[in-house]
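The structure under discussion appears below in the form of structure tokens.
The values are calculated or read from the model by the stated rules, or taken from the named source; none is laboratory data. Every value quoted in this text rests on a predicted model; they were computed, and no experiment measured them. A quick note on method: Cβ atoms are made from the backbone with ideal geometry, for glycine too, and the neighbour counts reach across all protein chains shown. The accessibility values were calculated without ligands, DNA or RNA, using every heavy atom of the protein model including side chains. Shrake-Rupley method; radii C 1.70, N 1.55, O 1.52, S 1.80 Å.
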Amino acid sequence: MINVLFAALPERWEQYRETLQAAFTELDLSVDLRTEFAPQDVDYIVYAPNSPVQDFTPYTRCKAVLNLWAGVENVVGNKTLTQPLARMVDPGMTQGMVEYVAGHVMRHHLGMDLHIAGQDGQWRDHVPPLAQDRRVTVLGLGELGLACAKTLSGLGFPVTGWSRRQKTADGITCLAGDDGLRQALTVADILVLLLPKTPATENLLDANRISWMPKGAFVVNPGRGQLIDDDALLDSLNSEHIAHATLDVFRVEPLPVDHPFWAHPQVTVTPHIASETRARTASQVIADNIHRGETGAPLLHLVDRSAGY
Ligand code: NAP
């Protein structure tokens, strides 16, 4: 019997209990899944960083911690966590993010607001350009960024992507490094941020780098709030260098009611809903990783502790 501790908020337990059991059964894994165990009896921890478990020291026989979230910034620096840490790569979450990004990019590309807000009898006959004439840049070419870049490229946008290590992807101009970032921002008529929060990515989009972007560009940030210098973004919106920012993530969440983003006419706030881990598909990913752990296969989606993601 494999003892799996589910360490997340109680509402997640309601969501995951049955789907996890079903996924374990499908892989013939004999699992005792519970929200409480004596720590020394636990083999794996299914984990959300906002769970009460913050000290991993007593989990002496635990073979791996399997994160339910894609972002690991709140657990990666935990010194008591010496076991392998896997992050969540969930096809359901990827699909959700692709839909969010495609939708918000298309909103800005087509200038939908003009017609949605302007039901006032005025004939605004602005014809949007074709996708081929709108350049999109995606910062971060990981699970989510690459899937979004591919979809946007499929819609006809010329897509440039930027990542830490050089990538190649059909139909996408892939860049890396400092020079690559400058080049990527220079062609960002629409910029999508899908980087993790790490010491190297904090405030990546600052005043200087915003100034490299074309005038009238759009920003879509479902990555992390800390990627952007808020004041620099507000200045660029006020000067209309940036036409509009759609922001899903913030330094403080929920975004405080008095934060200037709420009232700014060129900002759209979405409440960290771009995508989330979907219980059914995520349960299969977790079961697969436990199966791998039990059969000696390498675990998937392991976090690189030194890189922080
Ligand atoms: P991922 O697969 O780890 O990909 C991260 C990408 O960022 C990789 O391409 C990586 O480069 C690049 N990167 C990391 N540090 C960099 C640096 N210093 N310079 C340049 N590129 C860098 O992560 P993911 O699954 O795509 O998720 C991305 C982020 O989305 C998560 O960390 C999370 O913050 C956010 N997210 C948000 C929501 C939401 O609902 N708003 C939902 C899920 C996730 P390499 O390819 O070279 O490693």
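For the stretch 8-159, the spherically averaged projection of the C-alpha convex hull amounts to 13.1 nm². At R0 = 22 Å, how high is the FRET efficiency between MET112 and SER211 if r is their beta carbon distance? Nearest 0.05 is fine. The computed FRET efficiency comes out at 0.20.
Sort the following peptides by mean Cβ neighbour count (other Cβ atoms within 10 Å, averaged over residues), highest first: 101-108, 231-238, 10-17. Before the final figure, lay out the partial values.
Working: 101-108: 20.1, 231-238: 17.5, 10-17: 14.8.
For the peptides 101-108, 231-238, 10-17, the packing ranking is 101-108, 231-238, 10-17.
Here the relative contact order of the stretch 92-269, from alpha carbon pairs under 8 Å that lie six or more residues apart, stands at 16 percent.
Could you please put MET112, MET93 in sequence from largest to smallest accessible area, using a 1.4 Å probe?
On the way: MET112 70, MET93 15 Å².
Greatest to least solvent exposure: MET112, MET93.
Expressed as a whole number of Å, what is the distance separating the alpha-carbon centroids of the stretch 112-144 and the stretch 204-264? Result: 18 Å between the Cα centres.
Of all GluC sites (Glu not before Pro) in the stretch 225-309, which ones are in loop regions per DSSP and have a Cβ with at most 16 other Cβ atoms within 10 Å? Could the numbers behind the result be given before it?
Details: sites: GLU240, GLU276, GLU294; in loops: GLU240, GLU276.
Sites meeting the loop and neighbour criteria: GLU240.
For the options GLN266, GLN122, GLN226, a Gaussian network treatment of the chain with springs between C-alpha atoms closer than 10 Å singles out GLN122 as fluctuating the most. On the chain, 53 percent of the accessible area sits on carbon and sulfur atoms, based on a 1.4 Å probe. Computed over the stretch 92-269, the range of Cα coordinates on each principal axis works out to 51, 37, 34 Å, biggest value leading. Across the cross-link table entries LYS167/LYS197; LYS63/LYS167; LYS79/LYS167, which are compared at the Cα atoms, the separations over 28 Å belong to LYS63/LYS167; LYS79/LYS167. Using θ = phi - 60° in the Karplus curve 6.51 cos²θ - 1.76 cosθ + 1.60, the 3J(HN,Hα) couplings for the stretch 51-60 round to 7, x, 6, 10, 10, 8, 3, x, 8, 5 Hz; x is entered for Gly and Pro.
Counting each DSSP H run of 4 or more residues in the chain as -39500 (n - 2.57), what helix-only mean residue ellipticity at 222 nm follows after dividing by all residues, to the nearest 500 deg cm²/dmol?
After summing the helix terms and dividing by residue count, I get -10000 deg cm²/dmol.
At R0 = 22 Å, how high is the FRET efficiency between MET1 and THR82 if r is their beta carbon distance? Nearest 0.05 is fine.
Working: r = 24 Å, r/R0 = 1.09.
The computed FRET efficiency comes out at 0.35.
Rg/Rh for the chain (Cα atoms only, Rh after Kirkwood) is 1.02.
Can you figure out the FRET efficiency of GLN166 with ASP120, using R₀ = 45 Å and their beta-carbon distance, to the nearest 0.05? Could the numbers behind the result be given before it?
On the way: r = 50 Å, r/R0 = 1.11.
That gives a FRET efficiency of 0.35.
Charge dipole of the stretch 92-269 (Cα centre as origin; +1 on each Lys and Arg Cβ, -1 on each Asp and Glu Cβ, all else neutral): 560 debye, rounded to the nearest 20. Across the chain, the mean sequence separation of Cα contacts (distance under 8 Å, 6 or more residues apart), normalised by length, yields a relative contact order of 19 percent. Looking at the square roots a ≥ b ≥ c of the eigenvalues of the Cα gyration tensor of the stretch 176-270, which shape do they give, rounded for a/c under 1.5, prolate if a/b is larger than b/c, or oblate? Here the stretch 176-270 falls in the oblate category. Net charge in the neighbourhood of ARG182 (other residues with Cβ under 15 Å of its Cβ; Lys, Arg +1, Asp, Glu -1) is -1. Using a Gaussian network model on the chain with a 10 Å cutoff between Cα atoms, which of LYS167, LYS197, LYS79 fluctuates the most? Residue with maximal mean-square fluctuation among LYS167, LYS197, LYS79: LYS79. Projecting label points 7 angstrom from Cα along Cα→Cβ for VAL127 and LEU302 puts them 5.6 nm apart. Among GLY171, GLY223, GLY121, which one shows the biggest mean-square fluctuation in a GNM of the chain, springs joining Cα atoms closer than 10 Å? For the chain, modelled as a Gaussian network with Cα springs under 10 Å, the answer is GLY121.
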